[in-house]
Amino acid sequence: MNLQDIFSKMKQKALEKQIKESTELPNEEELKKVRKNLKNYSRKIAKEEIVDETAGQLVPFEEPEAPDTNDFESNQDEEYALWVDREVERIRKEKNNDAWTQYEIAKTNQRKHMSSEQLIEIHQQNPKEKGHMKFYQKYYHKGAFSIDESEKAEELLNRDYLTPTGDDLLDKTALPKEMMVRGDDYNKRGKSKWTHLSNEDTTTVDYRRMQALLSGERPRKKDKEQHDQQN
């Protein structure tokens, strides 16, 4: 039995005793109204009693302290100084990147309003320096990976990757035709039969036949056979 039932029964008994002692009997509506009020009053009293009993037992929630994950003793002043240096460097990089972006946008907008002759003149005045590869020189790509900013990285980025090295320093135009291969693939098993683009015929059969007919020459027998097979 809870407190609500106790208070309700006590009030109901008091009301019934008061009704018996009175000379005038109340009607049914008045009795319902009184019982409803008593019911609400008993709920209010029970709620106040429960709050008073549990008020001293409640403990406010406290955030637990984060455990120390450092395996070494740190100097807060030194760490703060290092953090300040990192923040200054970060802000400097952001400012430089923003300035460079604005410069590129202004340069692009300027070129949009220039004619083709003006653009050609600018390119002629400021040509890009590009290395020249030797005959049958092996090609090396600098890579698509990113590297951190440092003096060594700048040296690698600015290096001319078209400069010949090793066997590419030799003049391969003086070699026999069989030895004119890229790299050290000469006399190796499984090497490609293709040698050089200028040494191969990359035109189609129809193109060669048309050129021969226009120049008044007879098409090659091999081209004629291939043309007949295709048709």
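The values are calculated or read from the model by the stated rules, or taken from the named source; none is laboratory data. Only a predicted model underlies this, so the values are computations on that prediction, with no experimental measurement involved. FYI the Cβ positions are ideal-geometry reconstructions off the backbone, even for glycines, and counts take in every protein chain you see.
Key figures for this structure:
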| read-out | value |
| --- | --- |
| Residue list for the range 111-122, filter: assigned to a helix (DSSP H, G or I) and surrounded by 10 or more Cβ atoms within 10 Å (Cβ to Cβ) | R111, Q118, L119, I120, E121, I122 |
| Long-range neighbours under 9 Å by Cβ, at least six apart or interchain, first residue free of Cβ contacts under 8 Å to residues at least 24 places away in the same chain within the range 116-137, second in a loop (DSSP other than H, G, I, E, B) | I122/M114; E129/D160 |
| Selection from the range 162-190 of residues that are at pLDDT 75 or above, surrounded by 10 or more Cβ atoms within 10 Å (Cβ to Cβ) and aliphatic (A, V, I, L, M) | L162, L169, L170, L175, M179, M180 |
| Test: residue in the range 147-161 that is over 30 Å from K93 (Cα atoms) and either modelled with pLDDT under 75 or outside any loop (DSSP other than H, G, I, E, B) (or both) | no |
